[in-house]
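Okay, structure first, notes after.
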Amino acid sequence: MMKTHTRFETSAIHDGYDPADLLGSLATPLFQTSTFTFETAEQGERRFAGEENGYMYSRLGNPTVTVLEEKMAALEKGERGLAFASGMAAVSAILVALTKANDHIVCSSGLYGCTFGLINMMQDKYNIDHDFSTMETKASVRALIRPETTCIYVETPINPTMKLIDLKMVAEVAHEHDIPVVVDNTFASPYLQRPLELGCDVVVHSATKYIGGHGDVIAGVAVGKKDFLDEVQMTTLKDMGGIMSPLDAWLLIRGLKTLPLRVDRHCDNAEKVYDQLRKHPNVSRVLYPNDSNHPDYHIRQKQMKRGGGLLSFEINGTKKDAQKMLNHLRLIKIAVSLGDAETLIQHPATMTHAVVPEASRLEMGITDQLIRLSVGLEEWEDIWQDLEQALDQL
Ligand SMILES: *Cc1c(COP(=O)(O)O)cnc(C)c1O
């Protein structure tokens, strides 16, 4: 059995892999292979029958991918991790595993654009209904639960409005009804927030973001109970096929080693940029859950180590002004995605949330004036100078 460590920083580096297992190689070897040979036909039979442990074919498991899955399970404090080709492959595999035709899902109001698209497709194709809730109180969640509710799906911090949901509270209500709670933990990363420790059942990640951290991989991960994820592996992962490639797992293993360092620096920079943005005359509102005036600050204190590296702000002006501001930036790159070394900026109404109908978008708080910033690892004064000169031109 692999040694695991209790402290997050040490786990991120050491858990999931022991060099002694593989010729002393310090870095996890990259098993870039599609299949695995059997010594005999009988060994092949035993492996497929599940009577003998061992690899068979990389869609059913790969040693490099296994290391990443074990590391993520250790960091999220779950029994098992499961790796996917993208965050959406993880989200879709988990949601399809938890529902059948005519079931019902309760979701946080405010969802990643493609997750919103997915639940609408599930409604059209399989009559799987959904309701949105701001989940401010136990009663507001309880009121939406029906006999056919099989999943509560929560994003917190919510993209891109940075509203927070009290995960322990939601888990308590869900468990009165034996309904699993799935949390998209992409924005916080396990360094800042661990939903399983708060009583939730499954965590999903777009590992494309903070887990990878270098803007060079699209990948997803889920962590939760072993029985459930074993079942997902044999159904909506293996049979639908959205597996992670060994090379992507290798890059994520490398990324995870510096996750705590990177996320602390993202938070330091975000706090500094937040303080400056608030004072700028062309900025009407800054959304960052780390200020004691933020309506969800008490939730931030309860369940997140720090405020995170993302913030959103509204400018005084129109959609055209928002676009103009983006066009004036020099250092900061206009791009969707987040959690990279580079500071990235995007306009949710026309980019990440363009698929959401206008009425729903406005209900989620995504106005034409709203801009989302993923604060990078550069020197914060350079980030601020660039923002300031662009805002000054409005
Ligand atoms: C990016 C993202 C996803 C989707 O992940 P992909 O890796 O792009 O498929 C899901 N949820 C959140 C919150 C995200 O930011």
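The values are calculated or read from the model by the stated rules, or taken from the named source; none is laboratory data. This structure is a prediction, so every number in the text was calculated from the model and none was measured. No Cβ is skipped: glycine too gets one built from the backbone with ideal geometry, and neighbour counts run over all protein chains shown.
Among the residues of region 28-46, those identified as out of contact with any Lys or Arg (no Cβ under 8 Å at 6 or more places or on another chain) and hydrophobic (A, V, I, L, M, F, W, C) are LEU30, PHE31, PHE36, ALA41. Condition test on VAL336, is it within 16 Å of the ligand (Cβ to nearest atom) and not assigned by TED's automatic domain parsing to the domain that holds ILE13? In short, yes. In region 240-269, the residues that are of a type in the set (Asp, Glu) form Cβ pairs under 7 Å with partners that are modelled with pLDDT of 95 or more, at six or more places apart or across chains, as follows: ASP248/VAL217; ASP248/ALA219. Put simply, of VAL141, VAL182, VAL173 the only residue that is of a type in the set (A, V, I, L, M) and under 17 Å from ILE94 (Cβ atoms) is VAL182. Can we say GLY215 is on the phi > 0 side of the Ramachandran plot, over 14 Å from the mean Cα position of the chain (by Cα) and within 13 Å of the ligand (Cβ to nearest atom)? Yes, satisfied. Out of the residues in region 304-334 that are of a type in the set (S, T, N, Q) and not in a helix (DSSP H, G or I), state the one that is nearest to GLN393 (Cα to Cα). Applying the filter and picking the extreme gives ASN316.
Restricting region 65-104 to residues that are touching a helix residue (DSSP H, G or I) at 6+ places or on another chain (Cβ under 6 Å) and farther than 28 Å from GLU9 by Cα, which is surrounded by the fewest Cβ atoms within 10 Å (Cβ to Cβ)? That would be ALA101. Of all residues in region 339-371, those being surrounded by fewer than 22 Cβ atoms within 10 Å (Cβ to Cβ), away from the ligand (no atom under 13 Å from the Cβ) and not aliphatic (A, V, I, L, M) number 11. Taken over region 267-303, residues that are in a helix (DSSP H, G or I) and either among the small types (Gly, Ala, Ser) or touching a strand residue (DSSP E or B) at 6+ places or on another chain (Cβ under 8 Å) (or both) amount to 5.
Within region 42-50, the presence of a residue that is touching a Ser or Thr at 6+ places or on another chain (Cβ under 6 Å) and surrounded by 16 or more Cβ atoms within 10 Å (Cβ to Cβ) is excluded. I'd like to know if region 167-185 contains one or more residues that are in a loop (DSSP other than H, G, I, E, B), under 14 Å from MET72 (Cα atoms), within 14 Å of the ligand (Cβ to nearest atom) and not charged (D, E, K, R). Yes, the conditions are met somewhere in region 167-185. Quick check, is ASP264 surrounded by 18 or more Cβ atoms within 10 Å (Cβ to Cβ), within 20 Å of the chain's Cα centre (by Cα) and among the acidic types (Asp, Glu)? For ASP264, the condition - surrounded by 18 or more Cβ atoms within 10 Å (Cβ to Cβ), within 20 Å of the chain's Cα centre (by Cα) and among the acidic types (Asp, Glu) - is not met.
Return yes when LEU387 is buried (at least 20 other Cβ atoms within 10 Å of the Cβ), among the hydrophobic types (A, V, I, L, M, F, W, C) and more than 24 Å from the chain's Cα centre (by Cα) and no when it is not. When the stated conditions are applied, LEU387 passes them. For ALA222, the conditions (1) within 13 Å of the ligand (Cβ to nearest atom); (2) part of a loop (DSSP other than H, G, I, E, B); (3) under 15 Å from the mean Cα position of the chain (by Cα) are fulfilled apart from (2). When region 51-101 is limited to residues that are closer than 19 Å to THR33 by Cα and charged (D, E, K, R), the one that is nearest to the ligand (Cβ to nearest atom) turns out to be GLU69. Residues in region 102-139 that are among the aliphatic types (A, V, I, L, M), farther than 19 Å from THR186 by Cβ and either within 16 Å of the ligand (Cβ to nearest atom) or in contact with a His (Cβ under 9 Å, 6 or more places away or on another chain) (or both): VAL106, MET121, MET122, ILE128. The single condition among (1) within 22 Å of CYS107 (Cβ to Cβ); (2) in contact (Cβ under 8 Å) with a residue 60 or more places away in the chain that GLY212 does not satisfy is (1). Scanning region 188-212 for residues that are part of a strand (DSSP E or B) and more than 9 Å from the chain's Cα centre (by Cα) turns up just one, VAL202.
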